[in-house]
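Down below is the structure, laid out as structure tokens.
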Amino acid sequence: MSETINKVEAIKGGEFLVKDVEAKDIFTPEEWSEEQQMIAQMCKDFIKAEVAPNLDLIDSQKDPDFVPSLLEKAGELGLLSLSIPEELGGMGLDFKTSMLATEALGSGHSFSVAYSAHTGIGTLPLLYYGNDEQKARYIGRLASGEWKAAYCLTEPSAGSDANSGKTKAVLSEDRKHYVLNGQKMWITNAGFANLFTVFAKIDDDENLSAFLVEADSEGITLNPEEKKMGIKGSSTRQVFFNNVKVPVENLLYERGQGFKIAVNILNIGRIKLAGACVGGAKEVISESVKYANEREQFGRPISKYGAIRHKIAQQAILVWTAETATYRAAQNIDDAIKSRIEGGMEKSKATLKGIEEFAPECAILKVVGSETLDYVVDEGVQIYGGMGYSAETNVERAYRDSRINRIFEGTNEINRLLTVTMILKKAMKGQIDLMGPAMAIGKELMGIPDFGAADTALFAAEKKYIKNFKKALLMVAGSAAQKIGEKMAKEQEVVMNVADMINCIYVAESALLRAEKVVAVKGEEAAQNELDMMRVYIYDAADRINKAGKDALFSFAEGDELKMMMMGLKRFTKHEPFNAKEARQRIAQTIINNNEYCF
């Protein structure tokens, strides 16, 4: 394992675009240890026993104490302290194991939202930025579930532009308190939280600061629960601060560093959201195939029909590939954290720096995970047909609950823009060499294509596809940066085209590496489904990358230059004939035979 870790440490966030990665250098879900699988099973058992039978009660919010009581039960099992170091009374699990728990709890609908908000954005700012006294005062109570946490960032006029918030903090004359005034909205867990992490600007500061505010402080009032399309059982309320006195010792970290805290915590939230979406999607696939096996039309189960099998297979392909990419990044983060700790960095800081390093991947996965779940629940409803539109079925709830995920943790549009922006910034700082490979591709376009004999080795074709996809991306992105220059940030459509290419490449390469690793262990015949899922994804990705590339090129290139790059794009996204229908049929048949998602 040390060889793998040493190899992975050299990989920087976003560098996958220009650096070859070998299958042995990534973690795959087939490698979970027995202990990790036991933790995942404990989470699934908790959802099955405590949450699933009570989903209607949770969504009705008739008993406002019920979700808090579930968090307390989760605390008793240690599920609220997975990421908390052992010296603070937690389990001290590595990042990818905490991700696995998030996935296993991802099918809990509104409870999963409450859990994620409490353990993530609610607890982590304190865990990573709090001083020893603050941690001693609050972490134990949050870890046990005795106290619940919420995160107060968004305001009526400050959503994606979080740093424009108007909530103010003024130091009292005796310099013992900050006096908070302002309004926060869309605050998850607000109805029962005991501790708020509140972002506000001190005096006329340009940047936010963060404060730990106890919910029973005088001057805090809450609006009634919001009525929402989905996640109806998640407490979501507006929070008002009217001359709320916050002890100066409850300033979190340093003055003016609140936006930094918010950004770094959101990076964690983004990849954790991807894990939760994967967990929720697996459950919906299982429910879809069970229904398809039971529902008969024209004298046989609808799972016998090709159209339904196509849906089941495509659901599985997207979930398997999203899961693959998510845990690839999670291991990269773990390795980056470990490397920094070994270099002498304090663990909390090392964790933040490790996650920050792979912020582009976190943004990619937030988009991929949430859009995968949206596809899966939509097709789940379609497989159920009319019953899927009925509130009697769980897929109807899943369909409504899924929609928020494309808005949570930064909208998918913002995350697409961030992906490209962060990678370009890394390139400008010299952390990733994009210019060299991009210039090499320019020379390649001017040269004669390689028409040498095809390599017939297993995975040779797929590896060539991935290399070419990266060339297509570097060609389009390099040309866009050159043509548009400093105005590129304003050309959001072009940036999002580039982001879509990046997303496809990251997931496609992850799928290839996982399939290669599975074959090495099980053999080619036993890994037929994994090979099929990888190959269908790459086959589809070729067209998606081509379309995104065309849309970008047509918006800024013209004349002979456009013709040359279009020829290059066609060459780099070319895919040999492939029977995707038969591959999907094999995938679907395996799931149908198992009567559940089984990969």
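Structure notes:
- Residue within the stretch 182-194 that is farther than 22 Å from Val67 by Cβ and either surrounded by fewer than 21 Cβ atoms within 10 Å (Cβ to Cβ) or over 25 Å from the mean Cα position of the chain (by Cα) (or both) present: yes
Rundown of residues vs (1) closer than 25 Å to Asn405 by Cα; (2) hydrophobic (A, V, I, L, M, F, W, C), yes/no style:
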| residue | (1), (2) |
| --- | --- |
| Asn54 | yes, no |
| Phe66 | yes, yes |
| Ser69 | yes, no |
| Glu86 | no, no |
| Met91 | no, yes |
| Asp94 | yes, no |
| Leu105 | yes, yes |
| Ser110 | yes, no |
| Val113 | yes, yes |
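- Counting only helices (runs of 4 or more DSSP H) that fall entirely inside the stretch 380-478 and contain at least 3 residues that are modelled with pLDDT under 95 and not assigned by TED's automatic domain parsing to the domain that holds Gly108, the qualifying elements are 412-428, 435-446.
- Residues being among the polar types (S, T, N, Q) and in contact with a Lys or Arg (Cβ under 6 Å, 6 or more places away or on another chain) are entirely absent from the stretch 63-78.
- Hits in the stretch 115-159 (condition: among the aromatic types (Phe, Trp, Tyr) and either under 17 Å from Ala200 (Cα atoms) or in a strand (DSSP E or B) (or both)): Tyr129, Tyr151
- Among (1) outside any helix (DSSP H, G or I); (2) not assigned by TED's automatic domain parsing to the domain that holds Phe240, the one test that Ser112 misses: (1)
- Any hit, the stretch 451-468, residues being touching a residue at least 24 places away in the same chain (Cβ under 8 Å) and within 24 Å of the chain's Cα centre (by Cα): yes
- Options Glu530, Glu525, Glu509: the member that is under 30 Å from Tyr291 (Cα atoms) and either touching a Pro at 6+ places or on another chain (Cβ under 7 Å) or in contact (Cβ under 8 Å) with a residue 24 or more places away in the chain (or both): Glu530
- Residues of the stretch 195-242 satisfying the condition of being within 26 Å of the chain's Cα centre (by Cα), under 23 Å from Asn163 (Cα atoms) and not in a strand (DSSP E or B): Leu208
The values are calculated or read from the model by the stated rules, or taken from the named source; none is laboratory data. As the structure is a prediction and not an experimental result, all values here were calculated from the model. Backbone-built Cβ (ideal geometry, glycine too); neighbour counts: all protein chains shown.
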